[in-house]
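Quick notes on the structure that follows.
The values are calculated or read from the model by the stated rules, or taken from the named source; none is laboratory data. Please read all numbers here as calculations on a predicted model, not as lab measurements. We place every Cβ from the backbone using ideal geometry, glycine too, and count neighbours over all the protein chains shown.
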Amino acid sequence: MTTYTEAQAEAISCLDEPLQIIACAGSGKTQVISQRIAAILGLPGVDPRNVVAFTFTEKAAAELKERVLSIVEREHGQLNGLAEMYIGTMHSYALGLLQRLVPDTFKYSVLTDITAQLLVDRYSRKSGLTSCPTTAVQGTLRRYRNSKLYLQVASVLREDQIDYSRVPAGVLESFEKYAELLEQNAAFDYTEIIRRAVHYLEGDPYEDDDFGRVHEHVAKDIRYVVVDEYQDVNPLQERLVRGLVRFGANLCVVGDDDQTIYQWRGSQVSNIVTFARRYADVRQVRLDDNFRSSIGVVELGRSVAERIPANARLPKSMVAAGHQKWERGDLVALTMDDPLAEATWIVDRIVELRGVAFQDRPDSGPRGLSWSDCAVLFRSVTNDSGPLVEELRQRGIPFIVKGLNRLFDSPEIQAVVGVFRFMVSEIDDGALRALWDEAQLIPATGDWTRAIRVLEVGRDFAATRRHAVYNIQRLYLDFLEALDVREENLPGAPTRAELVFYQLGKFSQVISDYEQIYFTTEPAAKYEGFAKWLQFQAPDYYADADADVGYATPDAVTIATVHQAKGLQWPAVFLPAMRRNRFPARVMGGVSLRHVIPDDALDDPARYRGTVEDETRLLYVAVTRAQKYLYVTFAPIQSNQQQRNRSEFFDHIAAQQWVSTAASPVAGAKLAPHPLHETPQVTLSFSELKYLFECSYQFKLRFLYGFNAPIHEALGYGKGLHDALAEVHKRALEGDIATKDAAGALVDRHMHAPFAYPALKEQLRASGIKALERYFDTHGKDITKTEFSEKQIQVHVAPGITVDGRIDLIRRLDTGEVAIVDFKSTERAQAEDVTRDQLHVYAVGYQELTGRSADVIEVLNLDENGKTEREPINDPLLVAVRDRIRDAGEALRTNNLPRLRVWDKHACGSCDLVALCRERPTA
DNA sequence: CGCTGGGTCCTTTTT
DNA sequence: GGACCCAGCG
């Protein structure tokens, strides 16, 4: 049982006033939030669905959720309905809200940075890109060159507080076009997800049904809102929060203004600083106690934070409250001759630290430090980590670099890119072969001639083959198959094969991204464009392709940027490359936001450019990552005129009394190195679980390596039907019973098949209507018996293992029994027991949700000749399914994901990726 | 010591 | 495209 400080306890128990928790680094913030949420759940009359908690990343969400669940299990035992508590990002919350309550947006898909940029470039005129004026000499923005900037403009215009009268009319006209293009494609970019949700939250409930439905939900269901990392909220997100609490829900925001490090992405420090002035009767609780670090680190951190002007900060004073002892020599600031010497010194020190006794918690015994207890934090990993990486590699010390390896720099990906340069006759057979030899990708059994044949047939664009059938992804997989490229066939050690497959899988994602936008382009032009894009655009987008395969965390030195280190901690932290113009970083030149949106249209334009204050906050984050040892080093780069001098930050640190300016050997006893073993969180979505049950290797190919199936032209059909039925049942719950004649309108609203050619579109529409009419004919009378539609479920199987899913429909039968219904729109051959297991997971989820058990499971086939299968829920099977999920989660954690032992008619026969796995049986 | 002009160099990343 | 560095000038 955790004991809390007075301040922590105050924060936990303050449940009925607006609360601002100001949490210094290392103050046990997550634990406090978890405990507070658990306390809310324990209040009489509070349902889990009354709680909404926002985090900034999915990872942080998984962690918070896990902590809340384990506290709840410990303190309240079984609690029903936990699946309906929301803990996650604002984006997924907003999307969920729209897709639950606003039927018109059910069909919308989400564009990533990359696909949004592809869209803007493909429709460079229609998107407004090339007509967008800029004060830079070029006059307007340009295709490819400025599309990223254009997307930033489009985001800022929606996310920030804008004085529109000061934005040039041409810019606004361009933006209108962009918004229209998104609309036409039934797509949201990340900003639009939030903006649209805000639109409904702020709307007048009497204006239309959708506003009314959102209004009612918020007023009735939402009673507690928690916002973590509040310092990183941008003005639009702040409106989302406002919208959620406008009917009196309790708001609690948690954050540390000193750790605002994403200003250039729109977060606004003033938001957290003025919170208490903007909301009435705010209680502020300061968590000043730092339990993480020694007094030396804490005091150093404090001195850094105090460099930030007081009017831009919330008053606070971090104090050391933990058990870590400070000893002279723990904190060191050193100057080296050059980056090479710096790297050598760091690696020497890492080696020296290995085995040094360290105590993680006041009540735990000492252990010997290991590689993974050391982190080297750079302002710019890409530019500065080279010498260190080289040194570590030479000395055989394991390390993980985040963000250094650019996917397209690897010889493997260059070989794959070569395939597409060959497709457009940029290189010949011999040159391609050389690339593949160079990358060592050709298996001993590989038949090069056969593989080339596949490409030659594929690039005969004049052949009257419908290009949609023979698409890029298909070609890629066919080529790999023809060449016999499989994990066990690749030259080299199995670990190398795993890494290569990870890269090949990433490339599959690259294809998917491109084809999602260019699917319907004529083949010749499509391949031409793809080859160009691969060479000129894509390399900049797909930066990170490092060895992050799977969930297992290796014992390795972490090399990361300060940004990536936020929220993490290590016993020993190195802060090298403390050079002027690097850290604090120099402001960048080039055509940027201010050439499109004038400064006076923005509240705080400087934040997009970067200020010394922002960099100081970054330094604060960096320093406070260390628990005990902190080594800050400077080494000039003689060859670079701008990077020869010490950073003012270095001088600040070196001048502090806790910091030594000469290194002494690490004191203390040596033990055997013993890395901290972290249990990785595993959250499986329902569809992931389905694949995991069916074949764990298929799961690995899809979700760990990233291989995607070729896009099917009819994609969207099943989802459209599904969404149409969801609307029918949701309306039924409101007492509005739809009938057969609504089928056409329903299909028109929900069916979005962006990859279908016109005739197929028509055909899909027609068969969609038929399917709905059939549904009304056979099940129309049951529509009134709807209990729930699209019910969120969650199964917490074991610590760290959770399954999330959604049940299509729950209804009462004539017999009074409760049926869980799953709609199927295609008769995808599926092994019988997988379906049954899958449905039993729903049954388990239903049980956790309601505390009751359902009676039967129904699979309702929407296709022609489709029949309903019904089976009673089998209690022993429920137990068995839980065990299976737990085993599956364990298998994931240990990366034990083998293929099926023998060819399975159903699983392998229907697997899109079987070519990467095994030989097809000869008929 | 202050100014000028030519040469040099160019970050961070979640949803 | 523009901030910074530095040599050279008055």
Open item on the list: Please verify whether residue A:700 is part of a helix (DSSP H, G or I) and surrounded by fewer than 21 Cβ atoms within 10 Å (Cβ to Cβ), treating the condition exactly as stated.
Closed with: no
Open item on the list: Considering only residues that are in contact with a strand residue (DSSP E or B) (Cβ under 8 Å, 6 or more places away or on another chain) and among the charged types (D, E, K, R), which ones fall in the stretch A:74-123?
Closed with: A:84, A:100
Open item on the list: Let me spell it out: the conditions are (1) farther than 19 Å from residue A:385 by Cβ; (2) more than 16 Å from DNA strand B (Cβ to nearest atom); (3) in contact (Cβ under 8 Å) with a residue 60 or more places away in the chain; (4) assigned to a helix (DSSP H, G or I), and residue A:627 meets all of them except one. Which number is the exception?
Closed with: (4)
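Could you name every one of the strands (runs of 3 or more DSSP E) located completely within the stretch A:770-879 that has at least 1 residues being touching a residue at least 60 places away in the same chain (Cβ under 8 Å) and among the acidic types (Asp, Glu)? Step through it out loud before you land on a result.
On the way: elements: A:786-798, A:801-812, A:818-824, A:856-861, A:868-872.
Because the criterion is at least 1 residues that are touching a residue at least 60 places away in the same chain (Cβ under 8 Å) and among the acidic types (Asp, Glu), the strands (runs of 3 or more DSSP E) in the stretch A:770-879 that meet it are A:786-798, A:801-812.
So which residues in the stretch A:48-61 are surrounded by fewer than 16 Cβ atoms within 10 Å (Cβ to Cβ) and either more than 18 Å from residue A:792 (Cβ to Cβ) or away from DNA strand B (no atom under 16 Å from the Cβ) (or both), if there are any at all? Give the derivation first.
Filtering the stretch A:48-61 for residues surrounded by fewer than 16 Cβ atoms within 10 Å (Cβ to Cβ) gives A:57-59.
Selection gives A:57, A:59.
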Task: Flag if residue A:86 is touching a helix residue (DSSP H, G or I) at 6+ places or on another chain (Cβ under 7 Å), aromatic (Phe, Trp, Tyr) and either surrounded by 18 or more Cβ atoms within 10 Å (Cβ to Cβ) or under 28 Å from residue A:322 (Cβ atoms) (or both) - done: yes
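Output the residues belonging to the stretch A:910-923 that are exposed (fewer than 13 other Cβ atoms within 10 Å of the Cβ) and either touching a Cys at 6+ places or on another chain (Cβ under 9 Å) or at pLDDT 85 or above (or both). Spell out how you get there, then give the answer.
Of all residues in the stretch A:910-923, those exposed (fewer than 13 other Cβ atoms within 10 Å of the Cβ) come to A:919-923.
Correct list: A:919, A:920, A:921.
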- [ ] Inspect the stretch A:224-239 for any residue being under 29 Å from the mean Cα position of the chain (by Cα), away from DNA strand B (no atom under 15 Å from the Cβ) and either more than 28 Å from residue A:567 (Cβ to Cβ) or free of Cβ contacts under 8 Å to residues at least 24 places away in the same chain (or both) and give the result as yes or no.
- [x] no
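When you go through A:513, A:460, A:484 one by one, which is the residue that is assigned to a helix (DSSP H, G or I) and either within 21 Å of residue A:534 (Cβ to Cβ) or charged (D, E, K, R) (or both)?
Numbers: A:460 fails: assigned to a helix (DSSP H, G or I); A:484 fails: assigned to a helix (DSSP H, G or I).
After ruling out the rest, the residue left standing is A:513.
Can you tell me how many residues in the stretch A:635-654 are away from DNA strand B (no atom under 16 Å from the Cβ) and either over 19 Å from residue A:297 (Cα atoms) or among the hydroxyl-bearing types (Ser, Thr, Tyr) (or both)?
Filtering the stretch A:635-654 down to residues away from DNA strand B (no atom under 16 Å from the Cβ) leaves A:646, A:650-654.
The next check asks that each one be either over 19 Å from residue A:297 (Cα atoms) or among the hydroxyl-bearing types (Ser, Thr, Tyr) (or both); those that pass are A:646.
Final tally of qualifying residues: 1.
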- [ ] For the stretch A:630-662, enumerate the residues that are touching a Pro at 6+ places or on another chain (Cβ under 9 Å) and either within 16 Å of DNA strand C (Cβ to nearest atom) or outside any strand (DSSP E or B) (or both).
- [x] A:634, A:635, A:636, A:637, A:643, A:644, A:645, A:646, A:647, A:648, A:649
TODO: Kindly establish whether residue A:441 is free of Cβ contacts under 8 Å to residues at least 24 places away in the same chain and buried (at least 16 other Cβ atoms within 10 Å of the Cβ).
DONE: no
- [ ] Would you tally the residues in the stretch A:62-92 being within 16 Å of DNA strand B (Cβ to nearest atom) and of a type outside the set (S, T, N, Q)?
- [x] 10
TODO: Quickly run through the stretch A:575-603 and pick out the residues that are outside any loop (DSSP other than H, G, I, E, B) and more than 30 Å from the chain's Cα centre (by Cα).
DONE: A:579, A:581, A:595, A:599, A:600, A:601
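From the list A:771, A:726, A:756, which residue is surrounded by 18 or more Cβ atoms within 10 Å (Cβ to Cβ), within 32 Å of the chain's Cα centre (by Cα), of a type outside the set (Val, Ile, Thr) and closer than 20 Å to residue A:867 by Cα? Full working, then the answer.
Numbers: A:771 fails: within 32 Å of the chain's Cα centre (by Cα); A:756 fails: closer than 20 Å to residue A:867 by Cα.
One residue alone meets the criteria, A:726.
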TODO: Would you mind finding the one in A:591, A:596, A:612 that is within 16 Å of DNA strand C (Cβ to nearest atom) and either on the phi > 0 side of the Ramachandran plot or surrounded by 22 or more Cβ atoms within 10 Å (Cβ to Cβ) (or both)?
DONE: A:596
TODO: Report, by residue number, each residue of the stretch A:136-194 that is over 21 Å from residue A:608 (Cβ atoms) and not hydrophobic (A, V, I, L, M, F, W, C).
DONE: A:139, A:143, A:144, A:173, A:176, A:177, A:180, A:183, A:184, A:185
- [ ] Return yes or no: is residue A:200 among the aromatic types (Phe, Trp, Tyr), buried (at least 19 other Cβ atoms within 10 Å of the Cβ) and within 16 Å of DNA strand C (Cβ to nearest atom)?
- [x] no
Open item on the list: I'd like to check something: does the stretch A:138-159 contain any residue that is crowded, with 20+ Cβ neighbours inside 10 Å, in a loop (DSSP other than H, G, I, E, B), away from DNA strand B (no atom under 15 Å from the Cβ) and over 26 Å from the mean Cα position of the chain (by Cα)?
Closed with: yes
Open item on the list: Please go through (1) farther than 23 Å from residue A:650 by Cα; (2) aliphatic (A, V, I, L, M); (3) surrounded by fewer than 19 Cβ atoms within 10 Å (Cβ to Cβ) for residue A:341 and return the number of the only condition it doesn't satisfy.
Closed with: (1)
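Hey, does the stretch A:885-893 have a residue that's part of a helix (DSSP H, G or I) and over 34 Å from the mean Cα position of the chain (by Cα)? First the steps, then the outcome.
Of all residues in the stretch A:885-893, those part of a helix (DSSP H, G or I) come to A:885-893.
In the following step, the residues that additionally are over 34 Å from the mean Cα position of the chain (by Cα) were identified as none.
No, the stretch A:885-893 contains no residue that is part of a helix (DSSP H, G or I) and over 34 Å from the mean Cα position of the chain (by Cα).
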Open item on the list: If I filter the stretch A:604-613 down to residues being closer than 25 Å to residue A:641 by Cβ and part of a helix (DSSP H, G or I), which single residue comes out as nearest to DNA strand B (Cβ to nearest atom)?
Closed with: A:609
TODO: May I ask you to list the residues in the stretch A:121-137 that are outside any loop (DSSP other than H, G, I, E, B) and either away from DNA strand C (no atom under 15 Å from the Cβ) or assigned by TED's automatic domain parsing to the domain that holds residue A:518 (or both)?
DONE: A:121, A:122, A:129, A:130, A:131
TODO: Of all residues in the stretch A:119-137, count the ones that are modelled with pLDDT of 95 or more and within 16 Å of DNA strand B (Cβ to nearest atom).
DONE: 2
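Here is a yes/no grid of residues against (1) farther than 26 Å from residue A:298 by Cβ; (2) away from DNA strand C (no atom under 16 Å from the Cβ):
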{"position": "A:521", "(1), (2)": "yes, yes"}
{"position": "A:535", "(1), (2)": "yes, yes"}
{"position": "A:539", "(1), (2)": "yes, yes"}
{"position": "A:582", "(1), (2)": "no, no"}
{"position": "A:601", "(1), (2)": "yes, yes"}
{"position": "A:605", "(1), (2)": "yes, no"}
- [ ] Within the stretch A:93-103, track down each residue that is more than 10 Å from DNA strand B (Cβ to nearest atom) and either under 30 Å from residue A:130 (Cα atoms) or hydrophobic (A, V, I, L, M, F, W, C) (or both).
- [x] A:97, A:98, A:101, A:102
